[in-house]
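Inspection log for the structure reproduced underneath, given as structure tokens.
The values are calculated or read from the model by the stated rules, or taken from the named source; none is laboratory data. What you see is a predicted model, and the numbers here were worked out from it, not measured in a lab. Positions of Cβ are generated from backbone atoms using ideal geometry, with glycine treated the same way; all protein chains shown enter the neighbour counts. Just so you know, the surface numbers come from the protein's heavy atoms only, side chains and all, with ligands and any DNA or RNA stripped out. Shrake-Rupley method; radii C 1.70, N 1.55, O 1.52, S 1.80 Å.
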Amino acid sequence: MATLLEQLRGMTKVVADSGDINSIEKFKPTDSTTNPSLIAAAAEMPAYASIVDDVLMQARDEAGLNASDKEVAALAFKTLAVAFGKKILAIVPGRVSTEVDARLSYDTEKTKEQARDIIQQYDEAGIGRERILIKIASTWEGIKAAEALEKEGIHCNLTLLFGLHQAIACAEAQVTLISPFVGRILDWYKKDTGKDYTGADDPGVQSVTTIYNYYKHFGYKTVVMGASFRNIGEITELAGCDLLTIAPKLLAELDAKEGDLPKKLDASKAADLKIEKLTIDKATFDKMHAEDRMAHDKLKEGIEGFSKALEDLEKLLAKRLSEISEKQTVGAH
């Protein structure tokens, strides 16, 4: 009998949620996503030391002789995610998602500026825009930035998405793809209620199912990529979703397990559902966001978490840079 992973691939595009090139080579996903935490983890692996060092040397040349290690590290961070993205694109046939600095999540103009900078780096490496998704947090400001970028032919992946109001605003902005976070929703409800949830009762699964059915019912082009899974039960409940981005550990579990995998999400069935259409302007978005405690808490926490991961990564790069400089000084004597 086919494994759960093989069956899942038959109805859903499987994406690797990792910055680890070896894992991506092993599971051969169609696409891959990264985020600051994943890039920081990969940057600490000895296997990728040469990628990190090359990027740091290039950044030092660009920053000039008078730049501090901290300034060079900040510049290197912008090119490091693209350096990993280029390596990943040499393995996967599809797309890679590269994230805009989470600290810009409430700044539409700066988000657009950095997205264009990322795309330019891929352009210069001869990689077409159809293979890149720019990851942006699903704040109102991030969604507006994505709306403008899509009109320029820059495709976006709206991340840290927890509520229906965020999903509808993204669809109306005609973004390419959204990443609703399943496991983080489950985490919040478990902490809030003290209860455990499994299968179809999982609030993260229910959230993605609602969003998927809403999109398909009203014929939106934006596709849904479930993300942030805590167990394979959440994944099997969303079989049939447009895409699912899955960490290597859970890909291995799906690959090791056999059994029947029924299709749970079906676009043709969504057409017959009775669903109320909502229009989301900024006032409605803000009101719904304030009323949805879970979405409010998790978006704030997610942005803070990704921002901290970036700060940690910049510190790691500055430390690595001073180690390289010391070696070169010693070598010169």
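Miscellaneous remarks
- Normalised per residue, the accessible area of the chain is 45 Å², obtained with a 1.4 Å probe and no contribution from ligands, DNA or RNA.
- C-alpha long axis of helix 49-63 to longest principal axis of the chain, angle in °: 70
- Dipole check for region 149-269: with +1 at the C-beta of Lys and Arg, -1 at the C-beta of Asp and Glu, and the Cα centre as origin, the magnitude is about 160 Debye.
- Rolling a 1.4 angstrom probe over region 3-111 with all protein chains present gives an accessible area of which 52% lies on carbon and sulfur atoms.
- Ratio of Rg to Rh for region 173-327: 1.06 [Cα atoms; Kirkwood radius as inverse mean 1/r over pairs].
- Taking the convex hull of the alpha carbon positions in region 134-187 and averaging its projected area over all directions gives 3.2 nm².
- Net dipole in debye of the chain [+1 Lys, Arg Cβ; -1 Asp, Glu Cβ; about Cα centre; nearest 20]: 420
- For region 112-185 versus region 1-28, the inter-centroid distance based on Cα atoms is 23 Å.
- For the peptides 58-71, 83-96, the ranking by packing is 83-96, 58-71, with the highest mean count of neighbouring Cβ atoms within 10 Å listed first.
- Counting only DSSP beta bridges whose two residues both lie in the chain, roughly 5 percent are antiparallel.
- The Rg/Rh ratio of the chain, with both radii computed over alpha carbons and Rh defined as the Kirkwood radius, is 0.99.
- Within the accessible surface of region 176-333, defined with a 1.4 Å probe on protein heavy atoms only, the carbon and sulfur portion equals 53 percent.
- Stokes-Einstein translational diffusion, region 33-137 - Kirkwood Rh over all Cα pairs, 0.692 mPa s, 37 °C, in µm²/s: 229
- Packing around the peptides 28-41, 111-124, 183-196, taken as the average count of other Cβ atoms within 10 Å per residue, puts them in this order, highest first: 28-41, 111-124, 183-196.
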